[in-house]
Structures are given as C-alpha cells and as structure tokens.
Amino acid sequence: MENLQTEQALLIWREGELIKDQWILQDTESEIIIGRAPDCIISIPVRWISRKHAVLYRQGGQFILEDAGSKNGVFVNGKRVVKPLPLTDGDVIQLAPGLELLYVDSEATAPLPGQRGLGLFVDRNERQVYIHSQILSPPLSNQQYQLLALLAEEPGKVYSRAEVVEAAWAGEDPTGVTDDAIDALIRRLRQRLGEVDPEHDFIVTVRGYGFRIDNSLV
C-alpha cells in the first residue's frame, strides 16, 4: 500500500451522498488551477466551467482561493469571490449551478497529536488483516472486513457513508441503514484494530463527508 501523509487538505466534489472525485491539495508554492481544461491540476470536464476557472495557492498556512477570470464566477458559501479569500474547513465552493466542491482543511483529516504511524495490510487472497506484521485474531466479522477492505483500497481517499453502506451492507436496502448503524460498525472496527495497537486511530473520520484509512508510516 502507498504511504500517505495524513495532514493534507482536500477538495471533494460531491453530489448528494455520492463523492464524484476528490483531490489532495499538495503543500507547494505552485498555484493549483481549477478548470475545464485537461491540463489544469484540478480538471473538471463540465461545460459551464471556464477552461481556467479558479486558482488556489498556499499562503501563511492557509489555502487562498481566487477567481481566475471565469465567465460565471466563483462563489464560497453563496457569496461571490471578488478578492483573494482564505479558505476554512467546511467551505463550499460553487463553480457552476449544482457543482460544489467541499474544502476540508488538513486539521480535519489529521490524527490526534501523539499518535504514531502504523503498518496495516489487508490480504484479500487470504482474507486476513495484518497490523505491524501481526495477524489480527480472531478474524474480523464479514461486515467489518468488507468495510476495512473498502477503505484500504486507496489509502487517503475519503469514502462516503453511501459507499460504506454499499460495501458493508451489500444487497440490502440502503435506506434501511441508519447513521447509528454505520457509526456502531465503525466503532466496533476501531475497537478490533485497537486490540493490536490501541494508541493509533486506524480509521479517520472526515467530519461531515465520510471515512478514510490512515496507513501512514511516521
């Protein structure tokens, strides 16, 4: 599995409960162009978006958003961006009607201070879970395993609650799965993984958006 740093900001393109795409905002001095053009760092092939619609850059520990001369404008939380705007966790960026990007600050995705890295591997052939090379025994329940296998597919990717339901409650009516049921499953899985390493929170909750696995090694 690829090791990813956890303290990274994200942009999430979401329609309802569906996460259509997401981008890790690299902490570099280069500008991050958002637009329809395929050579944009964040390329969104929607006709209502300008070829170069908006620009993000890092300044003083924050990401700053500017309109790049777009035709239809850039809005944050319903207000048009007319000058450089520092983003804060939870801001909703609107580039076109019905197209919104959610900004998730790096602090919202970071593990608690003092937590150390982990080595977690899901062996899909043997259907076993290893933590720091130690096999997790007894094995996870089928529901717990399906959830962890989903999160481990792409470390760093945020999976929505709808995707969690589809993986862990496969074949069931998703409308019958409550938020309490999802949270209970996440809690039980965290407890099982914590039997091997109680000091590390293996599953990161990205507030309001979903869950991802923290498989970084520090």
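List of remarks:
- Inter-residue pairs, beta-carbon under 6 Å, first basic (Lys, Arg) and in segment 144-173, second surrounded by fewer than 21 Cβ atoms within 10 Å (Cβ to Cβ), 6+ apart: ARG161/ILE182
- Taking the listed residues ARG190, ARG116, ARG161, the one that is under 28 Å from ASP89 (Cα atoms), touching a His at 6+ places or on another chain (Cβ under 7 Å) and either at pLDDT 90 or above or not hydrophobic (A, V, I, L, M, F, W, C) (or both) is ARG116, with no other qualifying.
- Residues located in segment 29-53, provided they are closer than 15 Å to ALA9 by Cβ and buried (at least 16 other Cβ atoms within 10 Å of the Cβ): ILE32, ILE34, ILE42
- When segment 174-198 is filtered for residues that are in contact (Cβ under 8 Å) with a residue 24 or more places away in the chain and not acidic (Asp, Glu), the ones remaining, listed by number, are LEU185, ILE186, ARG188, LEU189, ARG192, LEU193, VAL196.
The values are calculated or read from the model by the stated rules, or taken from the named source; none is laboratory data. A quick note: this is a predicted structure, and the numbers were derived from the prediction, not measured. We place every Cβ from the backbone using ideal geometry, glycine too, and count neighbours over all the protein chains shown.
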